[in-house]
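Accompanying notes for the structure given below.
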Amino acid sequence: MKVLSVVGARPQFVKLAPVAVALRDAGVDHVIVHTGQHYDALLSDAFFADLKIPDPDVHLGVGSGSHGAQTGAMLAALDAVLAEHRPDWTLVYGDTNSTLAGAVAAVKLHLPIAHLEAGLRSFNRRMPEEHNRVLTDHAADLLLAPTQVAMDHLASEGLAARSRLVGDVMTDVCYLVRDAVAGTPATLPDGVDPAGPYVIATIHRPDNTDDPARLDAVAAALGTIEVPVALLAHPRLRAKAAEHGIELARGRVRVADPLPYPQLVRAVLGARGVVTDSGGLQKEAFLLGVPCTTVRTETEWVETLDGGWNVLANDLTGLDRLATRPAPSGERARPYGDGHAAERVATELTTG
Ligand code: UD1
């Protein structure tokens with residue numbers, strides 16, 4: 001049995017980590033293809049090293065570009081790789097341009113496709129991720145869904161017969177890393193005391209970064225938060241702020257590079273709150289029991305909203321108050337699985 005994983009962007013490396021272990025344990029021949037969508041060491045190599053992911057077997061080196069140019073370059077490069085390996089499954093992850101390219105390349109060669117994290121929907125067609133998810137789900141032969149809500153979306157699109165509920169592999173890795181970093185010191189930017197109350201913030205979605213007026217409003221709102229804010233800046237955020245002359249370090253905001261995954265988990269564990277537009281970080285905050293404020297109009301991880309653990313604040317009103325609100329009282333539901341999703345993924349691939 002041969003599985004070929006196509007990955008390229010930071011969140012996909014996190015998902016790949018537990019899957020690579022489970023496939024190895026199941027005796028699967030696993031080929032890892034890195035498209036090169038993310039190429040900065042902090043967005044790519046650090047994840048392979050920290051999460052002990054085997055080095056990619058193939059690196060396409062595609063890099064950045066417009067959606068069409070980037071996705072098209074991956075598609076063209078994947079033809080020869082898929083033709084050489086003829087995998088039993090091409091496994092694609094999440095919702096990035098690398099996901100879509102992997103799925104389209106495989107379907108054109110009549111190779112079976114499995115989509116991990118299938119069935120998520122924001123119903124916001126402005127998001128590139130939403131096109132990628134919908135198109136990938138409809139091209140795939142096996143839909144590995146993280147939640148019942150995702151299963152319901154797939155069923156409503158006529159895809160129930162190909163769908164399996166496996167749980168969320170990000171839960172697997174988040175819990176493992178949480179246990180490993182417990183008791184270690186948090187690494188935070190200068191000016192953010194790990195012992196004091198602080199907020200972790202990330203902003204990288206085009207809807208928040210690309211329009212200068214919007215980015216300025218987001219930066220201003222972060223600047224109103226009354227405790228130190230560690231703004232872990234994706235390269236896109238820094239680039240757009242520089243291009244438009246927008247100061248990010250306002251009020252108590254300290255701008256720093258993205259953190260390696262274990263350090264991110266450790267930083268969130270000690271945080272008073274998280275402010276983000278990332279999908280993965282919303283869920284990580286939820287899993288780690290830290291209140292999250294999401295700077296978007298909607299979330300595909302709707303379960304995080306239950307009980308007030310996550311709050312949508314696209315209009316930025318009251319962000320200062322939301323960012324430091326206390327954690328809700330009461331039990332948190334466990335909608336994202338038990339930390340053993342990757343084993344179920346391996347089972348589905350080897351028996352499916
Ligand atoms: C991509 C995914 C997004 C995911 C995010 C995680 C798509 C459409 N988007 O967004 O779903 O949440 O990854 O981080 O696939 N850049 C660098 N160094 C890099 C990579 C990118 O400087 O290693 C800069 C470039 O200026 C590039 C920009 O960031 O143009 C955007 O990168 P891109 O890969 O297009 O999308 P992300 O915003 O990272």
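The values are calculated or read from the model by the stated rules, or taken from the named source; none is laboratory data. Since we're looking at a predicted model, the values are computed, not measured. For neighbour counting, all protein chains shown are included, and Cβ atoms are generated from backbone atoms with ideal geometry for every residue, glycine included. Quick note on the areas: whole protein, heavy atoms, side chains included, nothing else; ligands and nucleic acids left out. Shrake-Rupley method; radii C 1.70, N 1.55, O 1.52, S 1.80 Å.
Points worth noting:
- In region 188-231, the C-alpha radius of gyration followed by the widest Cα-Cα span (Dmax) gives 11.9, 36 angstrom.
- Note on the chain: dipole from Cβ charges, positive end direction compared against Thr35, Ala105, Thr350; the farthest Cα belongs to Thr35.
- Amide H to amide H, with H built 1.01 Å from N, Gly273 comes under 5 Å of Tyr198, Ile200, counting only residues 5 or more places away or on other chains.
- All-pairs Cα distance distribution in the chain, expressed in whole percent, bin size 10 Å: 5, 26, 35, 24, 9, 1
- Here the dipole of region 180-323 is about 320 debye; that uses its Cα centre as origin and unit charges on the Cβ of Lys and Arg (positive) and Asp and Glu (negative).
- Contact order for region 180-323, expressed relative to its length and based on alpha carbon pairs under 8 Å spaced 6+ residues apart, stands at 25 percent.
- Across the alpha-carbon set of region 81-157, the Rg to Rh ratio works out to 0.98, Rh being the Kirkwood radius.
- Distance-filtered residues of region 195-216 - backbone nitrogen under 19 Å, label point 7 angstrom along His131 Cα→Cβ: 205-211
- Scattering from region 180-323 was approximated by placing one identical point on each alpha carbon and applying the Debye formula without solvent; log10 I(q)/I(0) at 0.10, 0.15, 0.18 1/Å stands at -0.29, -0.67, -1.00.
- FRET E, pair His110, Ala213, Förster distance 51 Å, beta-carbon r, rounded to 0.05: 0.60
- Carbon/sulfur fraction of accessible area - the chain, other protein chains in place, 1.4 Å, %: 53
- Applying the criteria of a DSSP loop state and at most 16 other Cβ atoms within 10 Å to the GluC sites (Glu not before Pro) of region 234-326 yields Glu247, Glu298.
- Whether region 55-113 is rounded, prolate or oblate, judged on the alpha carbon gyration tensor where a/c under 1.5 counts as rounded: prolate
- From largest to smallest, the equivalent ellipsoid semi-axes obtained for region 1-66 from the alpha-carbon gyration tensor read 21, 13, 8 Å.
- For region 125-195, the Kirkwood estimate of the hydrodynamic radius, built from every pair of different alpha carbons, is 15.2 Å.
- Each residue of region 48-62 is assigned a 3J(HN,Hα), and the resulting list reads 4, 5, 5, 9, 6, 8, x, 4, x, 6, 9, 10, 7, x, 6 Hz, derived from the Karplus form 6.51 cos²θ - 1.76 cosθ + 1.60 (θ = phi - 60°), x at Gly and Pro.
- Overall Cα dimensions of region 263-352, principal axis frame, Å, largest first: 50, 27, 26
- For the listed peptides 318-325, 107-114, 288-295, a ranking on the average number of other beta carbons within 10 Å per residue, highest first, reads 288-295, 318-325, 107-114.
- Dipole magnitude (debye, nearest 20) for the chain, charges at Cβ of Lys, Arg, Asp, Glu: 320
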